[in-house]
Amino acid sequence: MSPGPVTRAAAGGLTRRRVQTVVIGLVLLVSTGASVLALALVADSSSPFDHAFAVQHGAHVVATVDPVRATSAQLAATRRLPEVTAAAGAFAEVTVTPKMPGPGGLTMPPTTLVGRASPGGPIDDLTLQSGHWAQRLGQIVLSSDPSPGSSVSMPLGTRLIISSVPGKPTLTVVGIADSVNSSAGGWVVPGEIAKLRAPGTPAAAQMLFRFRSAGSAADVRADVAAVAKDLPPGTVTGTESYLAVRAQESSNIAPWVPFVVAFGVIGLVMSVLIVANVVSGAVVAGYQRIGILKSIGFSPGQVVAAYTSQAGAPAVVGCLGGVVLGNLLAVPILGQTANVYGVGTLHVPVWVDVAVPLGMCALVGIAALVPSLRAGRLSAAQAIAAGRAPRQGRGYAAHRLLGRLALPRPVTIGLAAPFARPARAAVTLAAILLGAAAVTFAVGLGQSLGRVAEGLSHSSAEPVQVFIPSASPGGPGLVGVHVSRVHVTGPQGGTVGPGHLPTDAQAQRAVTAALRAQPGTAHYVGVSAGQMITVAGLSQQVAMTAFHGDASWTGYAMISGHWYTGPGQVDVATGFLTDTGRTVGDTITMTFGSKQVTARIVGQVFDTHNNGLAILTGWQTLAGADHGLAVDQYDIGLRPGTSAPAYAQALGSKLGPAYLVNTNGRDQGFPIVLGLIGTLTLLLAIVAGLGVLNTVVLSTRERVHDLGVFKAIGMTPRQTIAMVVCWVAGTGLAAGVIAVPAGIVLHHYVLPVMAAAANVGLPASFLNVYGGAEVAALALAGLVIAVVGALLPAGWAARARTASALRAE
Amino acid sequence: MDALVRISQVTKRYDNDGRPAVDGVSLEIAPGEAVAVMGPSGSGKSTLLNLIAGLDRPTSGTVTVAGERVDKLSETGLARFRRRRIGMIFQFFNLLDDLTVEDNVLLPAQLSGLRSGQARARAAELLAALRIDRYRNAYPGRLSGGERQRVAIARALVNRPELLLADEPTGALDTATGEEIGQLLRDLNASGQSLVLVTHNPDLAARYASRTVQIVDGRLADGQLAELGVRR
């Protein structure tokens, strides 16, 4: 026979079994899309900085040059050095000190601004996160990753005063952009730079370089030396290697990678499982027809070809569509992931777009080939018999047992059905289990990360803070303050004003009096925060926070030990213990000027400030030392039911413009992380639901005649839907019950891995987030996935014409 | 006496251009009658049965059974109608292979919400009456054709329907077994059970039905009127 009959047989199968064809195509579409996304997440998480660096054409070296010592031609000539593969610049740059509007407004740390006409370019291709590029004088685009130690959020439209320049020009924030190199704190149009340079300040410019060989610090040093040698002496005044940025970014990214990878792996495994189940199930469902084809003369090879084609055709179409879908999904999801990682942009690697559809097609081929070959080997009569109802005897005991339950008969018949096709039921259970486990994992992860965010911000324990103004030149500042916990709410934010600045003692009296008088105050404690000190045995400086009073309520989560209870006791963060090799119970020696203070470590707290090199203690521990510390802020706990914004507003009005009163909020990245978790979980649940849909479609097709009989003897549409849903409800419930401990185990594995990557310990309370009620609700996740996946085909079954169903064999 | 079944000018088309499967048929069946619907293959007799049972809807015309307008009922209404008023017997039995004989018989009663004890008592009564009570825990796959048809009859009778519809009930049986089943149906009719029997076998129609209706190409044969027909 010619190939024509094979094609006709395959085409006939495709058109005759439209629902099955659509389901195969749909499952491949979603599974391929999910796999593209999952593999992209895994691939991009392996070295997200490197991916972003490649995509954004990062610079191996950001150099600051003196444009007076070298001419433009000399600077341009560095492009032609043999070591250099690309160069950009010179971009004029200047370092300024921005301030918030209003007299005596909040002063920000010194910020480097670079003049660039556009965000794009051959090197350091900037990614606009919001707003637009500066188009004229008076506009600024801020970096989304400002100077270290500061994460002040700056809404678009904020007007910054450049206080370091005569005339105090203003710049309006029109955009937020990301540089993979963190090459500047902000960008302005090139003509703006000259206006921002204070008189007497030397000119500076930024050059960006990519080198042929820059894999190691030694390579980069050699490249920089080659550039410097090509320019007049003293031209290159400073350089920053991408390796240092990468090290910093990698330490920021590392904590998030485990959970992203976990979702990615679950997605891949689930997709493979469901595709194999769908395709092989479709071929098995066609055994009767295969038998008929064989009985009219089709050879085994032709049968295999027909059925492999019949399953393969919609699968290939679905695959190709899935690649498009995956790339479309990747835009928001990889965008969210890039935000979490802080790398500006992530893309689907090209090899993923090739490997996934090829892999899926191979999987489809194998899943179709195996049952097709089996059918090809059967005789026509055997194939016809195999294609009818499941093997006699399977599930009978289940029907007998379940029939005795005091449940509606359609329910018990439905619950017994999976036992007739145990292999299919097992695969369906596995798919639902993965989806439900992902839900359990996601719920726990979200709660844990919420506690992490709270542990970092202390926003529940101390929702309001008062910052004491310093009398340093330039007006009130935030020197020595935990700037990472400040949220400045736009041009209207901040209440610091001009005029007479109080002394420390006056400030303390004024603040404490106001706090005692303010309704809603529950606790307050004066804090000397962020002072850097020396500790014996450590080359790096350690951040010291000293409390002037009881601070046990301030919300620091204990990892081990206890909060200090008296003088001579300190609590430290995990990084301190790791870097010093100390443990709880050991003593440390702190140096303040000429005096040394010894104290015992009584507890390990959850704190990532200064990369975990942090000490917390009471003021009394430092008594007698020449520590130079002063109260620079007050942390305030409120009575239940007190509105923090209203409290802050009232307190600020009472204290006056010399003081900054702020509400304490969580890191703005936290909602992005929650959004990413939610999106990934939903996608996995949808894939699991599609697996259920396929199972029910196959089962309704197999049992269409039985459905006709049920309806003929009086089963109503509602009873039919109940029965069909119950075909998978029992499986879903079982999967959900198993998924809960599986998801909890995954959570308990991933969280510590994330914490270890962040070089921070994990308080037990951050792991123990699953309450009894939650576990009970999560156990129903599998049931929900199963019911949702089954409802559509159950409705079709209920609406099917009884007379037609009875005629089906 | 009011007709148990009244079919009035019923037409059924499966597609707009083709010949109707049933074309303008009018028919009345009195309570207690045993009516045979005869015709060649493709004549529309099974379609007519399906319309009476509410398994299909007429394109036009009305179908009334026990005073209920079957053609107007919703799907749920039709299912409840079949439970209460109709018992169906099929040529190929249409038993559920993964349920025991007893469970097959109980099914319509359970779908109706009949209490378990009452349903089991009724099933036991029918199994005994049909002489298949020893097979109550067996599965249909293990029974002979005649035994399976008895199970199907028991299932059809469990809810005490007003009308029994049998579509070629002996078509898949050997002659002797067919005779047994036919006699069974006749005995049921003799005890007052209304019966509509679809068959292409004139002997069966002659022996077990009190009236025969001929249908050809979807229409009642020439010379037959709905109210008259041929009575025995």
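Only one of (1) crowded, with 20+ Cβ neighbours inside 10 Å; (2) within 30 Å of A:Asn664 (Cα to Cα); (3) modelled with pLDDT of 90 or more is not met by A:Arg116, so which one is it? Only one criterion in (1) crowded, with 20+ Cβ neighbours inside 10 Å; (2) within 30 Å of A:Asn664 (Cα to Cα); (3) modelled with pLDDT of 90 or more is unmet by A:Arg116, namely (2). For the range A:617-653, a residue qualifies if it is in contact with a strand residue (DSSP E or B) (Cβ under 8 Å, 6 or more places away or on another chain), aliphatic (A, V, I, L, M) and not in a strand (DSSP E or B), and the qualifying residues are A:Leu622, A:Ala625, A:Leu629, A:Ala630, A:Val631, A:Ala644, A:Ala648, A:Leu651.
Yes or no, residue by residue, for (1) in contact (Cβ under 8 Å) with a residue 60 or more places away in the chain; (2) within 14 Å of another protein chain (Cβ to nearest Cβ); (3) in contact with a Gly (Cβ under 9 Å, 6 or more places away or on another chain):
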{"residue": "A:Gly708", "(1), (2), (3)": "yes, yes, no"}
{"residue": "A:Lys711", "(1), (2), (3)": "yes, yes, no"}
{"residue": "A:Pro717", "(1), (2), (3)": "yes, yes, yes"}
{"residue": "A:Cys726", "(1), (2), (3)": "yes, no, yes"}
{"residue": "A:Thr731", "(1), (2), (3)": "yes, no, yes"}
{"residue": "A:Val745", "(1), (2), (3)": "no, no, no"}
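Evaluate the range A:338-347: report whether one residue or more is in contact (Cβ under 8 Å) with a residue 24 or more places away in the chain and within 30 Å of A:Gly13 (Cβ to Cβ). No, the conditions are met nowhere in the range A:338-347. In the range A:433-457, how many residues are in contact with a Leu (Cβ under 9 Å, 6 or more places away or on another chain) and closer than 30 Å to A:Glu702 by Cβ? Total satisfying the criteria: 6. When the strands (runs of 3 or more DSSP E) confined to the range A:535-616 are screened for residues that are farther than 29 Å from A:Asn768 by Cβ, those reaching at least 3 such residues are found at A:542-548, A:587-592, A:595-605. The sole residue among A:Gly12, A:Gly33, A:Gly25 that is assigned to a helix (DSSP H, G or I) and modelled with pLDDT under 80 is A:Gly12. Determine whether the range A:198-215 contains at least one residue that is within 17 Å of A:Pro122 (Cβ to Cβ) and of a type in the set (Lys, Arg). Looking for residues that are within 17 Å of A:Pro122 (Cβ to Cβ) and of a type in the set (Lys, Arg), one finds at least one in the range A:198-215, hence yes.
Number of residues in the range B:122-144 that are touching a residue at least 40 places away in the same chain (Cβ under 8 Å) and either touching a His at 6+ places or on another chain (Cβ under 8 Å) or of a type in the set (Phe, Trp, Tyr) (or both): the value is 1.
Can we say B:Glu68 is surrounded by fewer than 21 Cβ atoms within 10 Å (Cβ to Cβ), within 10 Å of chain A (Cβ to nearest Cβ) and among the acidic types (Asp, Glu)? So B:Glu68 fails the test. All of (1) surrounded by fewer than 18 Cβ atoms within 10 Å (Cβ to Cβ); (2) over 28 Å from A:Gly612 (Cβ atoms); (3) at pLDDT below 80 hold for A:Val283 with one exception: (1). Scanning the range B:81-119 for residues that are of a type in the set (Val, Ile, Thr) and either surrounded by fewer than 22 Cβ atoms within 10 Å (Cβ to Cβ) or within 9 Å of chain A (Cβ to nearest Cβ) (or both) yields B:Ile86, B:Thr100.
When you check B:Asp133 against the structure, is it touching a helix residue (DSSP H, G or I) at 6+ places or on another chain (Cβ under 7 Å), among the acidic types (Asp, Glu) and more than 10 Å from chain A (Cβ to nearest Cβ), yes or no? So B:Asp133 passes the test.
Here A:Asn759 meets the list (1) within 14 Å of chain B (Cβ to nearest Cβ); (2) at positive phi almost entirely, failing just condition (1). Six or more apart or on different chains, Cβ atoms under 7 Å: show the pairs whose first residue is in the range A:747-759 and among the polar types (S, T, N, Q) and whose second is crowded, with 21+ Cβ neighbours inside 10 Å. Here the result reads A:Asn759/A:Thr574; A:Asn759/A:Gly575; A:Asn759/A:Gly612, each pair linking the range A:747-759 to a residue that is crowded, with 21+ Cβ neighbours inside 10 Å.
Restricting the search to strands (runs of 3 or more DSSP E) fully inside the range B:141-225 and requiring at least 2 residues that are crowded, with 17+ Cβ neighbours inside 10 Å, within 12 Å of the chain's Cα centre (by Cα) and among the hydroxyl-bearing types (Ser, Thr, Tyr) gives B:194-199.
Can you confirm whether B:Glu168 is on the phi > 0 side of the Ramachandran plot and more than 10 Å from chain A (Cβ to nearest Cβ)? So B:Glu168 fits the description; yes.
For the residues A:Val61, A:Val42, A:Val22, the requirement of being touching a residue at least 40 places away in the same chain (Cβ under 8 Å), of a type in the set (A, V, I, L, M) and over 29 Å from A:Leu690 (Cα atoms) singles out A:Val61. Filtered by the rule that a residue be farther than 22 Å from A:Pro463 by Cβ, touching a His at 6+ places or on another chain (Cβ under 9 Å) and among the hydrophobic types (A, V, I, L, M, F, W, C), the range A:615-657 gives a lone residue, A:Trp619. Taken over the range A:521-541, the residue count meeting the criterion of being surrounded by 18 or more Cβ atoms within 10 Å (Cβ to Cβ), at pLDDT 90 or above and not hydroxyl-bearing (Ser, Thr, Tyr) is 4. Evaluated against (1) away from chain A (no Cβ under 14 Å); (2) in contact (Cβ under 8 Å) with a residue 24 or more places away in the chain; (3) of a type outside the set (D, E, K, R), B:Gly18 falls short on exactly one condition, (2).
Residues checked against (1) closer than 21 Å to A:Asn181 by Cβ; (2) under 28 Å from the mean Cα position of the chain (by Cα); (3) in a helix (DSSP H, G or I); (4) at pLDDT 95 or above:
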{"site": "A:Ala54", "(1), (2), (3), (4)": "yes, yes, yes, no"}
{"site": "A:Val94", "(1), (2), (3), (4)": "yes, no, no, no"}
{"site": "A:Pro101", "(1), (2), (3), (4)": "no, no, no, no"}
{"site": "A:Gly104", "(1), (2), (3), (4)": "no, no, no, no"}
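In the range A:406-456, how many residues are charged (D, E, K, R) and within 14 Å of another protein chain (Cβ to nearest Cβ)? Residues meeting the conditions: 2. Determine whether the range A:657-674 contains at least one residue that is surrounded by fewer than 18 Cβ atoms within 10 Å (Cβ to Cβ), over 30 Å from A:Ile432 (Cα atoms), more than 14 Å from every other protein chain (Cβ to nearest Cβ) and out of contact with any Ser or Thr (no Cβ under 7 Å at 6 or more places or on another chain). Yes, the conditions are met somewhere in the range A:657-674.
Would you confirm whether any residue within the range A:69-85 is assigned to a strand (DSSP E or B) and surrounded by fewer than 19 Cβ atoms within 10 Å (Cβ to Cβ)? Yes; the residues of the range A:69-85 include at least one that is assigned to a strand (DSSP E or B) and surrounded by fewer than 19 Cβ atoms within 10 Å (Cβ to Cβ). Remark: B:Leu55 matches the filter, which requires a residue to be touching a helix residue (DSSP H, G or I) at 6+ places or on another chain (Cβ under 7 Å), among the aliphatic types (A, V, I, L, M), assigned to a loop (DSSP other than H, G, I, E, B) and under 25 Å from A:Gly414 (Cα atoms).
Among the residues of the range A:168-185, those identified as within 13 Å of A:Ala59 (Cα to Cα) and either touching a Cys at 6+ places or on another chain (Cβ under 9 Å) or of a type in the set (A, V, I, L, M) (or both) are A:Val180, A:Ala184. Just one of the listed residues (A:Leu676, A:Leu698) is in a helix (DSSP H, G or I) and within 22 Å of A:Phe441 (Cβ to Cβ), and it is A:Leu676.
The values are calculated or read from the model by the stated rules, or taken from the named source; none is laboratory data. Just so it is clear, the structure is predicted and the values come from calculations on it, not from any experiment. So basically every Cβ, Gly included, is an ideal-geometry build from the backbone, and we count neighbours across all protein chains shown.
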